[in-house]
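The values are calculated or read from the model by the stated rules, or taken from the named source; none is laboratory data. Since the model is a prediction, treat every value here as computed from it, not as a measurement. All Cβ positions, even for glycine, are placed from backbone atoms using ideal geometry, and neighbour counts span all protein chains on display. With ligands, DNA and RNA removed, areas are computed over all heavy atoms of the protein, side chains included. Shrake-Rupley method; radii C 1.70, N 1.55, O 1.52, S 1.80 Å.
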Amino acid sequence: MSSSTPDALLGPADVRELAAALGVRPTKQRGQNFVIDANTVRRIVRTADVRPEDVVVEVGPGLGSLTLALLEVAERVTAVEIDDVLAGALPATIGARMPERAERFALVHSDALHVTGLPGPAPTALVANLPYNVAVPVLLHMLDTFPSIERTLVMVQSEVADRLAAPPGSKVYGVPSVKANWYADVKRAGAIGRNVFWPAPNVDSGLVSLVRRTEPVKTTASKAAVFAVVDAAFAQRRKTLRAALAGWAGSAVKAEAALVAAGVSPQARGESLTVEEFARIAENRNTGNDSTGNDSTGNDSTGNDSTGNDSTENDSTENEEQAQQ
């Protein structure tokens, strides 16, 4: 724990003063809803189980509310910020409010989706108030790019939090749920009220905890191969897997052969499968290659949504205010 002064964290007046000095006006385009409550950021750090030895990476630090709280506890914090003005100002804010920890802070001025390396030691934790409009892609990219990340806590739109943590069989279980579970054990870790942001967003926020799997999913299939099955299954989630995977397999007959070989009912739907079952299907993609079946349409009378459209899997639900500290 650092010896920072009690007022080192940002309060409502501090956030507004900083924003005014920088000429920053929260915009809907980037959803800049800044956290103004010190108790909230300290709660996030506690819930994330940040430890004194941790090297934390933060995405979207904004004005630095959460960054300062992380620096109170962690060994080192690296923040990834895309905004030119905010990235330029953050080091000065850290230096002014927590000078004794400033040397433990690093800034990467970049789009998090394009980050492939970080300065200093490998990160052990990801703690972030993720941009809502790119929350899932950023989360998956960071987990994939930095396997050293053991623990993650992200604040995202409440609906996205539900989707990430949903179990098989849930109405909101889908692509984000399966892909996040490929990397980690995922669970909801609380809710965040709108009044801790300035300006208050139009959506509720939720915390999601992800603890990296101690052992990866056991499969001979690659991650890309497994994710291709997941994408195909949920692109037409109201159809049976026999129909939904017809394009992926080459025909409905071949899809059925792969499903049977994987021990999965061809009449099941993607929302009922675990990530391990998707992996088994990927392993058996070529099972039906010798089949003489010519049913390539994938039509299935049990699946009446020929478009495969499903609002619960539309990533536009994430295009809400981006909560950024």
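Some notes on this structure:
- Test: residue in region 146-157 that is open to solvent by 10 Å² or more (accessible area, probe 1.4 Å), in a strand (DSSP E or B) and either of a type in the set (D, E, K, R) or over 20 Å from Asn129 (Cα atoms) (or both): yes
- Counting residues in region 201-211 that are among the β-branched types (Val, Ile, Thr) and out of contact with any Asp or Glu (no Cβ under 6 Å at 6 or more places or on another chain) gives one or more.
- The residues in region 174-203 that are modelled with pLDDT of 95 or more, in a strand (DSSP E or B) and open to solvent by less than 20 Å² (accessible area, probe 1.4 Å) can be counted, and the count is 2.
- Residues of region 226-246 satisfying the condition of being in contact with a Gly (Cβ under 6 Å, 6 or more places away or on another chain), open to solvent by 10 Å² or more (accessible area, probe 1.4 Å) and either free of Cβ contacts under 8 Å to residues at least 60 places away in the same chain or outside any helix (DSSP H, G or I) (or both): Gln236, Arg238, Lys239
- Residue list for region 204-221, filter: loosely packed, with under 13 Cβ neighbours inside 10 Å, of a type in the set (S, T, N, Q) and touching a residue at least 24 places away in the same chain (Cβ under 8 Å): Thr220
- Matching residues, region 84-110, being outside any helix (DSSP H, G or I), open to solvent by less than 20 Å² (accessible area, probe 1.4 Å) and out of contact with any Pro (no Cβ under 6 Å at 6 or more places or on another chain): Met98
- Unique match (being of a type outside the set (Asp, Glu), farther than 18 Å from Leu9 by Cβ, out of contact with any Gly (no Cβ under 8 Å at 6 or more places or on another chain) and part of a helix (DSSP H, G or I)) among Leu113, Leu118, Leu126: Leu113
- Evaluation of Ala125 against (1) under 13 Å from Leu210 (Cβ atoms); (2) surrounded by fewer than 15 Cβ atoms within 10 Å (Cβ to Cβ); (3) of a type outside the set (Lys, Arg) (one fails), failing number: (2)
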